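K.L.:
Quick one: this structure, given as structure tokens, is what I'll be asking you about.
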Amino acid sequence: MIDFELTYHRFSEHSILVQWPQKIDKNILNDVLVFKNHLLNSRIKSILQINSTYSSMLITYQFTIDNVYDEFSTLKTLYSTRVSIKKRALRHWKIPVCYDDEFGMDLDEISKNINLSKAEIIKTHSEMIYTVFFIGFLPGFLYLGGLDKRLFFSRKNSPRLKVKKGAVAIGNEQTGIYPNSSPAGWNIIGNSPLEFFNSESNLPCFAKAGDKIQFVPISIETYNTILKAVQNGSYNIESEIIDG
């Protein structure tokens, strides 16, 4: 297991921000999740909540932090004693996506700028296996790493005020899915008919950090069929268990 050089910062009166090297990297993600799991299993009653991203972790405490350096020292000791999680129960999810022009409103612009045809963009985007690094921005928004470098494309200078629920998008070196209708600064290339966040479910978001995502191109006819099945609760997302 790699030992990274972490930095510790007071984030607020009740929280500490722990940062790894600032890049999208699977080894860093694994270390973030290992440390997070170690803190949760340490049963430190003063910790109220832990939120993680690509390369950082926000630890929120129940009390006001009087001596932040004491807390830094405790966290550093816990980091040095963390134990690698072996064979974590993760899943590989297959997400149907319709890349038709009706949904892929930015495919033409991307195609012109990166010199790949729309068919090549769709093929490349759907061939990759992505890693869920974290869930944020909106409940159920999956931040996915693993985008082919040929598809890297800058976010929009002027975000759209609203995109359709299920919009699949590219922003810089990332790809992701908007779980609800919302403003969006990423480039929209398709749409998935699935439900990515359900507040009434025991597991509101089916995927978790570390899981794998693969996009499966579908026709507009198949999209509408799946959408109806999702709406009446009869659709099961295709997935398989993998070792972490």
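Where a number appears in this text, it was derived from the coordinates with a stated rule and is not lab data. On a predicted model such as this, the values are computed, not experimentally measured, just so you know. Neighbour counts run over all protein chains shown; Cβ positions are idealised from the backbone, glycine included.
K.L.:
What number of residues in the stretch 171-184 are surrounded by fewer than 23 Cβ atoms within 10 Å (Cβ to Cβ) and in contact (Cβ under 8 Å) with a residue 40 or more places away in the chain?
P.N.:
4
K.L.:
Another question about this same structure. If you take the residues of the stretch 87-116 that are assigned to a loop (DSSP other than H, G, I, E, B) and free of Cβ contacts under 8 Å to residues at least 40 places away in the same chain, which of them is surrounded by the most Cβ atoms within 10 Å (Cβ to Cβ)?
P.N.:
Going through the qualifying residues, I end up with Leu116.
K.L.:
Can I ask one more? Given the criterion over 22 Å from the mean Cα position of the chain (by Cα), surrounded by fewer than 17 Cβ atoms within 10 Å (Cβ to Cβ) and within 21 Å of Phe137 (Cβ to Cβ), identify the matching residue among Ser46, Ser42, Ser12.
P.N.:
Ser12
So that you can scan it fast, the table gives a plain yes or no per residue for (1) of a type in the set (S, T, N, Q); (2) part of a helix (DSSP H, G or I); (3) touching a residue at least 40 places away in the same chain (Cβ under 8 Å):
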position: Tyr8; (1), (2), (3): no, no, yes
position: Phe11; (1), (2), (3): no, no, yes
position: Pro21; (1), (2), (3): no, no, no
position: Leu29; (1), (2), (3): no, yes, yes
position: Lys36; (1), (2), (3): no, yes, no
position: Leu39; (1), (2), (3): no, yes, no
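K.L.:
What do you reckon, is Ser126 under 17 Å from the mean Cα position of the chain (by Cα) and assigned to a helix (DSSP H, G or I)?
P.N.:
For Ser126, the condition - under 17 Å from the mean Cα position of the chain (by Cα) and assigned to a helix (DSSP H, G or I) - is met.
K.L.:
Restricting to the stretch 49-77, name every residue that is under 26 Å from the mean Cα position of the chain (by Cα) and either β-branched (Val, Ile, Thr) or not in a loop (DSSP other than H, G, I, E, B) (or both).
P.N.:
Correct list: Gln49, Ile50, Asn51, Ser52, Thr53, Ser56, Met57, Leu58, Ile59, Thr60, Tyr61, Leu75.
K.L.:
Given the conditions (1) surrounded by fewer than 18 Cβ atoms within 10 Å (Cβ to Cβ); (2) part of a helix (DSSP H, G or I); (3) in contact (Cβ under 8 Å) with a residue 12 or more places away in the chain, and given that Ala119 satisfies all but one, which numbered condition is not satisfied?
P.N.:
Only one criterion in (1) surrounded by fewer than 18 Cβ atoms within 10 Å (Cβ to Cβ); (2) part of a helix (DSSP H, G or I); (3) in contact (Cβ under 8 Å) with a residue 12 or more places away in the chain is unmet by Ala119, namely (3).
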